[in-house]
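See structure below.
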Amino acid sequence: MKVVIQIVNSASVKVEGQLINKIDKGYLLFVGIDKLDDELIVKKMAKKIIEMRINKDINGKTNLSILDVNGEILSISQFTLCAIIDSRRPSFSNAARADVANKLYELFNEELTKYNVIVKKGVFGADMKVYLENDGPFTIVVTDKDL
């Protein structure tokens, strides 16, 4: 599993020109589900992201969690994060099958909401247009190896 976390002032997602969801201050998460991922990894990843102290405190230090800043999450599924780059054309054979990935993606979002954070989503498998205003920019990549 790989999740790209971007701290944002705002973010939104559109599908076929229609606004699907938007958030104000919080995290934009790009979520890649690998074919070896399981429910335990997904639950650990959700906990890790919620507990990470990557938001600035009043002194400008990265010392606060998403809960501490009352942030929201916009979660976007992105199988391309599982790409293998061993030639000029990426292979996506490491990505989980769509049915499995969707199930684990939904579980990941459910786990995030258990921490009383607002979680909004894109549309799994859709061609999405994602808009964001980075704060910083501040971007972190978390993989299952970080758990």
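Just a few scattered comments:
- Region 1-77: C-alpha gyration tensor shape, a/c 1.5 cut-off, then a/b vs b/c: oblate
- Taking label positions 7 Å along the Cα-Cβ direction at both residue 89 and residue 67, the computed distance is 4.7 nm, reported to one decimal.
- Net charge of the neighbourhood of residue 102, taken over other residues with C-beta under 13 Å away and scored Lys/Arg +1, Asp/Glu -1, is -1.
- Taking the DSSP beta bridges with both ends in region 1-91, the antiparallel portion is around 70 percent.
- Placing pseudo-labels 7 Å out from each Cα toward the beta carbon at residue 39 and residue 118 gives an inter-label distance of 3.0 nm.
- All lysines inside 18 Å of residue 129 as judged from Cα atoms, apart from same-chain residues fewer than 8 positions distant: 14, 22, 120, 121
- When Cα extents along the principal axes in Å is computed from the coordinates, the matching label among (1) 44, 37, 32; (2) 48, 31, 25; (3) 58, 34, 22 is (1).
- Looking at the chain, the accessible area is 57 square angstrom per residue; that uses a 1.4 Å probe and ignores ligands, DNA and RNA.
- Note on region 79-147: with neighbouring protein chains present and a 1.4 Å probe, carbon and sulfur make up 52 percent of its accessible heavy-atom surface.
The values are calculated or read from the model by the stated rules, or taken from the named source; none is laboratory data. Note that this is a predicted model, so its numbers are computed, not measured. With ideal geometry, Cβ positions are generated from the backbone for all residues, glycine too; neighbour counts draw on all protein chains shown. Protein only, heavy atoms only, side chains kept; ligands, DNA and RNA dropped before computing areas. Shrake-Rupley method; radii C 1.70, N 1.55, O 1.52, S 1.80 Å.
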